[in-house]
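Engineer: Quick one: the structure is below, questions incoming.
None of the figures in this text is laboratory data; all of them are computed from the coordinates on show. Nothing here was measured: the structure is a model prediction, and the numbers come from that model. Because the Cβ atoms are built from the backbone with ideal geometry, glycine has one as well, and the counts that use them run over all protein chains shown.
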Number of protein chains: 2
Amino acid sequence: MNTNYQLMIETALKNYLPSGVFTEQTLIDSMEYSLMCGGKRIRPLLTLLFCELCGEDAKKALPFACAVEMIHTYSLIHDDMPCMDDDDYRRGKPSNHKVYGEDIATLSGDALQSLAFEIITSDDVANTISPKNALKAANTLAKYCGVLGMVGGQVIDIQHEGKKADITILQEMDEKKTAALIKASCEMGCIVAGADEEKINAATQYAHSIGIAFQIVDDILDVTSTSEQLGKPVGSDSENDKSTYVSLLGIDKCRELVKELTDSAIKALRVFDNDTTALADLALSLANRNN
Amino acid sequence: MNTNYQLMIETALKNYLPSGVFTEQTLIDSMEYSLMCGGKRIRPLLTLLFCELCGEDAKKALPFACAVEMIHTYSLIHDDMPCMDDDDYRRGKPSNHKVYGEDIATLSGDALQSLAFEIITSDDVANTISPKNALKAANTLAKYCGVLGMVGGQVIDIQHEGKKADITILQEMDEKKTAALIKASCEMGCIVAGADEEKINAATQYAHSIGIAFQIVDDILDVTSTSEQLGKPVGSDSENDKSTYVSLLGIDKCRELVKELTDSAIKALRVFDNDTTALADLALSLANRNN
């Protein structure tokens, strides 16, 4: 099931990029370089799985699934820039700006964000699902990826670099920086399927739990993993004197928290009538991942 | 009329920014710094005027008007960055990144783009105009501001810096870099009002003509104006060995072209039944501006 969905996502992402040869071809190449780079596609998968769970053909949520991946990709491109995290590598390959230059990298992030909103407001979407639901899903994405969502979380992260942060700030940061886009992914799947508020809220709860667990696992892996396993440098958090769940709570407490959050994510799925195995398995696999 | 609309735009723009005090307050301050900086507000004004011209209350188009201004503002913030045009001043004030740093400037551009799409997909919009029209207007904005629109135009501009470009490239660049967002502004006003294709096409034609004329006037002012008048350095095009309409066609031919384009913009308004004076006057004032 997930394998089919993964393939569906890869194909659709590629097809949403303009095809042909354009004067601004470099821009399209740069967008493709980061978009088609073998990411885990967790966010789009969540969108499809929640749409299916709410009783609708997952294909109807495909534009929204691809949009959230485009948003995620643009944020990675901008995050890696010298004026931000200054990372030369991403998923074991040179960062976008190392290949295309900072100017094109900035613009390709910008264009990926536009493309995300273009594909979820298209005539195709308006003819497939109710325009009212399409608008609501687009609004959900915009809200979670913006000033008080993902981008806001980035700012909180930047402002606490090299400073000790307390657990409250860390939670707010991760809620926005990581969990917000995961919430958008899950909620959009439900909204596209026309689910009621109870189900949308359950999706939010699931997303919150796996989102925070995801970030804690990241922090754990940064101290327990090797750079070969992760495809990026390890130990960077402590090197940057950055407060993490591990530095604030210790590794055992972190592992316990991941378990609790994963349980809570799986419990949140109880309100759904259909089979929730795929989403429960996904929560478990994210908790137990080693890269 | 326009004065009222200008005021309406200023108030709405300010109100769309999150109010209160947030952990990521710096981001909001940075967005406000560039958004509330006394720009001419031509694009949002066009949206309101076309909505009214198509027989609908201009207020209904206000979220779309503000959205296009947010997109315009984000593009200016990113354009001014050191990795792009490296401009220290904008409208006589320090550029966003000079005040807030490159990291916050990047993110505040990103968040302004998200906010643009957030406000035009809101429940308020869905309750005010038909969700189908709202989707179509949002799609129009996304399409014109993205990879084959405004951002694409930026890339063409960057790639021809320090190189002689021919008139074909210059036209494609300006069609995308400048005219695309003006098209979005005009078309959205019509779409919100539920106008038919003939009227939307006329708005596109008007936008194309004033958009190209606008760019040619920019090129003329760069050689004929003073930096006090413009609020930015003059002569930068020839300094950067940049091909412009003036360098390729000479100043007399340019002035003639501006006149022709303005006439053509005004002619395009003929299909509308209502009074087109405000839009005709706007076309003339843009052609005759000195800053």
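Engineer: Beta carbons within 10 angstrom, averaged per residue: use that to sort the peptides B:65-74, A:75-84, B:219-228, highest first. Could the numbers behind the result be given before it?
Structural biologist: Details: B:65-74: 28.3, A:75-84: 22.1, B:219-228: 15.7.
Per-residue mean Cβ counts within 10 Å order the peptides as B:65-74, A:75-84, B:219-228.
Engineer: Would you kindly state how much longer the chain becomes between B:LYS59 and B:ASP166 on full extension, computed as 0.36 nm times their sequence separation minus their alpha carbon distance, in nm to one decimal? Before the final figure, lay out the partial values.
Structural biologist: Numbers: separation 107, 0.36 × 107 = 38.52 nm, distance 4.22 nm.
That works out to 34.3 nm of additional length.
Engineer: For the protein assembly as shown, I need the span (max minus min coordinate) of the C-alpha atoms along each principal axis, in Å, sorted largest to smallest.
Structural biologist: Sorted from largest, the Cα extents of the protein assembly as shown read 75, 46, 46 Å.
Engineer: Going by C-beta contacts inside 10 Å, put A:TYR89, A:TYR5 in order with the fewest on the left.
Structural biologist: The fewest-first ordering by Cβ neighbours comes to A:TYR89, A:TYR5.
Engineer: List, shortest first and in nm to one decimal, how far the label point of A:ARG91 (7 Å from Cα along Cα→Cβ) is from its counterparts in the other copies.
Structural biologist: Computed spacing set for this position: 3.9 nm.
Engineer: Please work out the Cα center distance from the stretch A:120-165 to the stretch B:22-68, rounded to the nearest Å.
Structural biologist: Here the answer is 19 Å between Cα centres.
Engineer: From the label point of A:THR226, set 7 Å from Cα along Cα→Cβ, how far away are the matching label points in the other copies, in nm, ordered shortest to longest?
Structural biologist: When each copy's label point is compared with this one, the spacings are 7.0 nm.
Engineer: So what's Rg/Rh here for chain B, counting alpha carbon atoms and using the Kirkwood radius for Rh?
Structural biologist: Numbers: Rg = 18.4 Å, Rh = 19.3 Å.
Taking Rh as the inverse mean 1/r over Cα pairs, Rg/Rh reads 0.95.
Engineer: Calculate the FRET efficiency for A:SER285 and A:ASN201 from the Cβ-Cβ distance with a Förster distance of 25 Å, rounded to the nearest 0.05.
Structural biologist: Numbers: r = 24 Å, r/R0 = 0.96.
Using R0 = 25 Å, I get an efficiency of 0.55.
Engineer: Okay, next question. Assign unit charges at the C-beta atoms only (+1 for Lys and Arg, -1 for Asp and Glu), then state the dipole size of the stretch A:1-145 relative to its Cα centre in Debye, rounded to the nearest 20.
Structural biologist: Here the size comes out at about 600 debye.
Engineer: State, to one decimal in nm, how far the label point of A:SER225 lies from the label point of B:PHE22, with both points 7 Å from Cα in the Cβ direction.
Structural biologist: Here the answer is 3.0 nm between the modelled labels.
Engineer: Which distances in nm, rounded to one decimal and ordered from shortest, link the label point of A:ASP57 to the equivalent label points in the other identical copies, with labels set 7 Å from Cα toward Cβ?
Structural biologist: List, nearest first: 4.0 nm.
Engineer: Checking the table A:LYS98/B:LYS176; A:LYS242/B:LYS98; B:LYS40/B:LYS176; A:LYS98/B:LYS143; B:LYS14/B:LYS132; A:LYS60/B:LYS177 against a 30 Å threshold on Cα-Cα, which pairs fail?
Structural biologist: Working: A:LYS98/B:LYS176 26 Å; A:LYS242/B:LYS98 26 Å; B:LYS40/B:LYS176 20 Å; A:LYS98/B:LYS143 28 Å; B:LYS14/B:LYS132 27 Å; A:LYS60/B:LYS177 33 Å.
A:LYS60/B:LYS177, as the Cα separations exceed 30 Å there.
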